[in-house]
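Okay, structure first, notes after.
The values are calculated or read from the model by the stated rules, or taken from the named source; none is laboratory data. Predicted, not measured: the structure shown is a model, and the values here were computed from it. Cβ atoms come from the backbone with ideal geometry, glycine included; neighbour counts cover every protein chain shown.
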Amino acid sequence: MQIEVTLRAPPGSDYSARDLGHLLHKHPDRVHVRDVGTGALTVFFAKRSDEETRAVMHLAVDPVALVRGKAGQGSGARGASGEGLLAQYVNDRPYAANSLLSVALGRGIGQALSGRSRERPELAQRALPFEIRVVPLALHGDADLITRVFAPLGYAVEALALIETGVRAVFDLQLGITARLCDILGQLAVLVPVLDDAKHYWVDDTEIDKLMARAGPWLAAHPERDLIMRRALKHRRDLVDTARARLDAEAALPARPAPGETEAAGLRPERRRLHDARLDMVAGIIAQSGAMSVLDLGCGEGRLIRRLLAAPAIKRILGVDPALRLLETAHARLDLDHAGEALRRRVQLQPGSLTYADRRWRGFDAAALVEVIEHIEPARLPALEAALFGDARPGIVVVTTPNRAHNAAFAGLGPGELRHHDHRFEWDAAEFGAWASRVAGAHGYGFEIRPIGEADPVHGAPSQCALFTREAGA
């Protein structure tokens, strides 16, 4: 099974089609072979010119490796899936594009999937004219399903039926689109297994994160959204329901800048200095607390994480944000693709809603929400409080938010105007203190309020911080 990617450079282009090698992180003059667990992924360039370059990613699956160890599962001659051993060995799994190919792409060209290129970084983030061929493609369902999943994403679709195998038909699929290569590869990684509808591995709730990360924002608006989620999650109703709730919650959030960037990006130097002061204070509080594990909710572009990495006592950091765009930026800024194993174990990034409890948030010594709460609708704040203070229950929680009273000291802000169009509210010191007191009392925490930034004699400090400390025995 294989995927062919062809990049064209029309006359007068400011790039060469040979740049496809830079985008895939593969030298066009070499043959690249990698063991991906179930077989070997070979990447080579079948055509190389400035006008047209074609890369072929061919997966040769070891059929015995697919079922090695299954004979002892279940009872009698059947494995856990209920298939007899003959059916496990005699099938189309090693030959028709399916989830095996998607996993191989993640292991073999992961940097291309992340949208990074050392030599041509600007090209990796640019829409370019690509032609894609997937052959042979396994399909479970009617032939028009191929068009139904690809066409809404902007692809020109041509699917040639090759043979009927019984449960699945097999196609030679050709696609055309002008898009970023990372978006194309991510969509293929999701949709090829969806069309096949027979993932080769067990799925749990971590598969939701993988789906969200690969799918990006297009899934929420896709007309076949529910079908894609059902098949991607192997028809597990609990997982599908969770994924749907997360998708709906994230779709309801307006696009926003990175937390804390609202006063920093494009504004006067004093506000940028305020943002740095805010991050420095939070990082200092957490480091001085002796925390060894930190949960950064609304981590955005990873600016707080970079500061936390300077504290050697902090061994584990989990950054969570509903915006995949910001997580991709954080991943790049932290250089996680090229980091050593120790740093990759120390830092993890996770897409997710901040208003749904997540068991992976439990067990952390500290949590931070830096300029996050003001982006959440007031009616949704109790859900955040319950998820963080009620379910996750870290030892300390540090929350920062603007001080509305100080807005009068900012030139250019009219009466009643908020600091950013995406802020759902802003609190003065009394309102912030009342909220902190209520949350602390309800969940067994003590708290203190600290000012951030140079205080105005009339309007107070420009920002404010609440430090919550879980009480003994709570």
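Values computed for the structure shown
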{"item": "Pro415 at pLDDT 95 or above and of a type outside the set (Gly, Ala, Ser)", "result": "no"}
{"item": "Meets criteria (modelled with pLDDT under 95 and in the same structural domain as His331 (by TED's automatic domain parsing)) for Asp365", "result": "no"}
{"item": "Of all residues in region 373-400 being under 22 Å from Glu426 (Cα atoms) and of a type outside the set (A, V, I, L, M, F, W, C), the one that is nearest to the chain's Cα centre (by Cα)", "result": "His375"}
{"item": "Among the residues listed as Gly363, Gly352, the single one being in contact (Cβ under 8 Å) with a residue 60 or more places away in the chain, among the small types (Gly, Ala, Ser) and surrounded by fewer than 19 Cβ atoms within 10 Å (Cβ to Cβ)", "result": "Gly363"}
{"item": "Any chance Arg380 is surrounded by fewer than 22 Cβ atoms within 10 Å (Cβ to Cβ) and in contact (Cβ under 8 Å) with a residue 24 or more places away in the chain", "result": "yes"}
{"item": "Residue in region 407-419 that is crowded, with 18+ Cβ neighbours inside 10 Å and either under 19 Å from Leu279 (Cα atoms) or within 29 Å of the chain's Cα centre (by Cα) (or both) present", "result": "yes"}
{"item": "Only one of Ile305, Ile317 that is touching a Leu at 6+ places or on another chain (Cβ under 6 Å), under 25 Å from Gly110 (Cα atoms) and assigned by TED's automatic domain parsing to the domain that holds Pro462", "result": "Ile317"}
{"item": "Any chance Arg424 is over 19 Å from Gly460 (Cα atoms), among the charged types (D, E, K, R), in a helix (DSSP H, G or I) and at pLDDT 90 or above", "result": "no"}
{"item": "In region 331-340, the residues that are within 16 Å of Pro121 (Cβ to Cβ) and either among the hydrophobic types (A, V, I, L, M, F, W, C) or not in a loop (DSSP other than H, G, I, E, B) (or both)", "result": "His331, Ala332, Arg333, Leu334, Leu336"}
{"item": "Flag if Pro402 is assigned to a strand (DSSP E or B), in the same structural domain as Leu295 (by TED's automatic domain parsing) and more than 17 Å from Gly298 (Cβ to Cβ)", "result": "no"}
{"item": "Subset of region 324-340 that is among the aliphatic types (A, V, I, L, M) and within 14 Å of the chain's Cα centre (by Cα) - its residue that is nearest to Gly115 (Cα to Cα)", "result": "Ala332"}
{"item": "Residue within region 192-203 that is assigned to a helix (DSSP H, G or I) and more than 21 Å from the chain's Cα centre (by Cα) present", "result": "yes"}
{"item": "Matching residues in region 436-468 - criterion: being buried (at least 16 other Cβ atoms within 10 Å of the Cβ) and closer than 13 Å to Phe389 by Cα", "result": "Ala436, Val439, Ala440, His443, Tyr445, Phe447, Leu467, Phe468"}
{"item": "Filtered residues of region 133-155 (kept if among the β-branched types (Val, Ile, Thr) and buried (at least 20 other Cβ atoms within 10 Å of the Cβ))", "result": "Val134, Ile146, Val149"}
{"item": "Of residues in region 212-239 being aliphatic (A, V, I, L, M) and surrounded by fewer than 17 Cβ atoms within 10 Å (Cβ to Cβ), the one nearest to Gly352 (Cα to Cα)", "result": "Ala220"}
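Matching residues to (1) surrounded by fewer than 21 Cβ atoms within 10 Å (Cβ to Cβ); (2) assigned to a strand (DSSP E or B); (3) among the hydroxyl-bearing types (Ser, Thr, Tyr):
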site	(1), (2), (3)
Ser13	yes, no, yes
Arg18	yes, no, no
Leu23	no, no, no
Val33	yes, yes, no
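Yes or no, residue by residue, for (1) of a type in the set (D, E, K, R); (2) part of a helix (DSSP H, G or I):
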residue	(1), (2)
Arg306	yes, yes
Arg325	yes, yes
Thr329	no, yes
Ala342	no, yes
Gln350	no, no
Ser353	no, no
Ala367	no, no
